[in-house]
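**Q** Take a look at the following structure, please.
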2 protein chains.
Amino acid sequence: MNDESEHIDGRKARGNRRRAEIIDATLAIVTRDGAAGVTHRTVAKQAGITTSLSTYYFATLDDLLVAALSSVADTYTTCIRQIIDGPGDKLRGLAELIAESAGPGRERALAERELSTLAARRPALAPVARRWRENIAELAATLTDDPEAIAALVAASDGLCTAILIDNAPADTDYVRRILTRAIHAHRDTVVS
Amino acid sequence: MNDESEHIDGRKARGNRRRAEIIDATLAIVTRDGAAGVTHRTVAKQAGITTSLSTYYFATLDDLLVAALSSVADTYTTCIRQIIDGPGDKLRGLAELIAESAGPGRERALAERELSTLAARRPALAPVARRWRENIAELAATLTDDPEAIAALVAASDGLCTAILIDNAPADTDYVRRILTRAIHAHRDTVVS
DNA sequence: TGATTACTTGAACGATAGTACAACTAGAAC
DNA sequence: GTTCTAGTTGTACTATCGTTCAAGTAATCA
């Protein structure tokens with residue numbers, strides 16, 4: 001929000017700010033009405049600009065959706081990297097991040113799911129959508145070497161987010177952490193039938 | 001496909017057949033183009049009927065989407081119930097069902113995810129979307145009494161499906177079963193940091 | 001200063017959307 | 001047969017869509 005460096009290249013700075021505004025507006029629409037509600041017109045109205053200005057920065061709707069998903073993915077990447085590089089209990093950090101999907105992070109999580117689903121059909125979105133899982137896998141890799149344990153933790157994280165978002169499942173951090181712990185731990189028994 | 005009982009009430013039978021055809025066409029569209037591609041016109045074209053006939057059976061698009069999701073959910077419910085009531089290894093049966101999402105069941109699974117995502121915003125779809133998770137939970141309840149183990153298995157199942165659908169993760173039945181086993185087993189250790 | 005460039009606007013084009021509706025068909029009931 | 005009704009069609013209305021474009025504004029540069 002601070003206007004430093006505006007003297008250096010004021011035009012570019014203004015343009016980037018506009019881009020960010022439009023992306024924010026897009027995410028607000030995705031959160032409220034789903035990815036299907038994203039049109040140049042709804043986004044422009046949300047951002048308080050004209051429709052043509054939206055197409056000026058994002059020529060096609062796909063460009064806009066890719067940029068929006070990238071923005072969400074970037075946020076998650078930053079969060080997870082902080083957990084990885086931080087000192088504390090990484091599994092607990094992840095559990096907190098997941099539990100946030102029930103509260104302040106619901107918008108972001110919902111937008112991420114919406115756009116990830118879109119990614120199954122739009123190749124341009126696929127690599128961006130993959131980032132979230134890769135980040136979780138990277139975090140898991142700091143806790144174990146077992147590739148199946150890593151896959152299990154990624155699956156559990158994803159499934160817990162879905163449960164919270166779609167099913168309004170309980171989102172207590174300790175509870176989430178306990179379920180994540182199950183996934184990453186090697187089991188000792190084998191269940192038959 | 002057999003035309004028995006057509007004498008009894010030919011009109012109603014014909015109508016039900018049409019409804020089923022339209023729902024099938026809708027699922028084909030959802031699979032190919034996503035839920036966003038579902039319009040009365042595209043569905044009608046896919047089903048080989050006129051647009052007005054589609055609106056005759058499903059007055060609004062929401063009705064159509066609810067019916068389509070219900071159909072998918074019914075199929076899954078039947079599958080899972082067969083696994084529950086069957087004699088074999090239930091966890092393996094579930095693993096097979098999930099692994100099918102990479103092959104013959106991909107359409108169905110993709111449609112289910114697409115419509116579930118839609119359910120986060122359309123209240124009419126929410127209870128239907130919940131059914132899949134409830135079925136898995138019911139299966140899990142035959143294997144354990146621990147509610148957290150049940151939640152863990154549901155989350156793992158959901159996350160594995162996502163991994164297969166979005167990430168093209170490996171879908172070997174044994175592999176899936178091993179990861180599911182992790183979730184449902186009580187852990188013996190506790191990991192700190 | 002004028003020239004340049006990024007930014008912004010309003011209007012418009014063709015395409016497609018949801019939905020409504022009057023007319024037509026065909027099988028069931030009498 | 002006639003009547004009735006579920007099924008079916010073609011057409012059309014209005015709204016919104018993505019996208020384009022010529023014209024206008026304002027910040028920067030020489």
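The values are calculated or read from the model by the stated rules, or taken from the named source; none is laboratory data. Quick caveat, the model's predicted, so the values are computed rather than measured. All Cβ positions, even for glycine, are placed from backbone atoms using ideal geometry, and neighbour counts span all protein chains on display.
**Q** Restricting to the range A:90-99, what's the tally of residues that are of a type in the set (D, E, K, R) and in contact (Cβ under 8 Å) with a residue 60 or more places away in the chain?
**A** Adding up the residues that qualify gives 2.
**Q** Just to be sure I understand, how many residues within the range A:126-162 are buried (at least 24 other Cβ atoms within 10 Å of the Cβ) and farther than 25 Å from A:ASP85 by Cβ?
**A** Qualifying residue count, the range A:126-162: 2.
**Q** For the range A:33-91, enumerate the residues that are of a type outside the set (Ser, Thr, Tyr) and assigned to a loop (DSSP other than H, G, I, E, B).
**A** Matches in the range A:33-91: A:GLY34, A:VAL38, A:GLY48, A:ILE49, A:PHE58, A:ALA59, A:GLY86, A:PRO87, A:GLY88, A:ASP89.
**Q** Could you say whether any residue in the range B:99-109 is buried (at least 17 other Cβ atoms within 10 Å of the Cβ), within 11 Å of chain A (Cβ to nearest Cβ) and away from DNA strand C (no atom under 16 Å from the Cβ)?
**A** Filtering the range B:99-109 for residues buried (at least 17 other Cβ atoms within 10 Å of the Cβ) gives B:99-102, B:105, B:108-109.
Narrowing the set further to residues that are within 11 Å of chain A (Cβ to nearest Cβ) leaves B:109.
If we keep only those that are away from DNA strand C (no atom under 16 Å from the Cβ) too, we end up with B:109.
Yes.
**Q** In addition: (1) surrounded by fewer than 17 Cβ atoms within 10 Å (Cβ to Cβ); (2) within 11 Å of chain A (Cβ to nearest Cβ); (3) at pLDDT 90 or above: which one isn't true of B:ASP63, the others all being true?
**A** Unmet condition: (2).
**Q** Scan the range B:48-85 for residues that are within 16 Å of DNA strand D (Cβ to nearest atom) and either without any contact (Cβ under 8 Å) to a residue 24 or more places away in the chain or under 30 Å from B:LEU143 (Cβ atoms) (or both) and jot them down.
**A** From the range B:48-85, those within 16 Å of DNA strand D (Cβ to nearest atom) are B:48-61, B:63-64, B:67; that's our starting set.
Answer for the range B:48-85, where residues must be within 16 Å of DNA strand D (Cβ to nearest atom) and either without any contact (Cβ under 8 Å) to a residue 24 or more places away in the chain or under 30 Å from B:LEU143 (Cβ atoms) (or both): B:GLY48, B:THR50, B:THR51, B:SER52, B:THR55, B:TYR56, B:ALA59, B:THR60, B:LEU61, B:ASP63.
**Q** Confirm whether A:ALA186 is at pLDDT 90 or above and within 9 Å of chain B (Cβ to nearest Cβ).
**A** Taking the combined requirement at face value, the residue does not satisfy it.
**Q** Which condition does B:GLU148 not pass, out of (1) touching a residue at least 12 places away in the same chain (Cβ under 8 Å); (2) within 7 Å of another protein chain (Cβ to nearest Cβ); (3) over 24 Å from B:ARG113 (Cβ atoms), if it passes all the others?
**A** Going through (1) touching a residue at least 12 places away in the same chain (Cβ under 8 Å); (2) within 7 Å of another protein chain (Cβ to nearest Cβ); (3) over 24 Å from B:ARG113 (Cβ atoms) one by one, B:GLU148 breaks only (1).
**Q** Scanning for something among the aromatic types (Phe, Trp, Tyr) and either at positive phi or facing chain B (nearest Cβ under 9 Å) (or both), does the range A:118-136 turn up at least one residue?
**A** no
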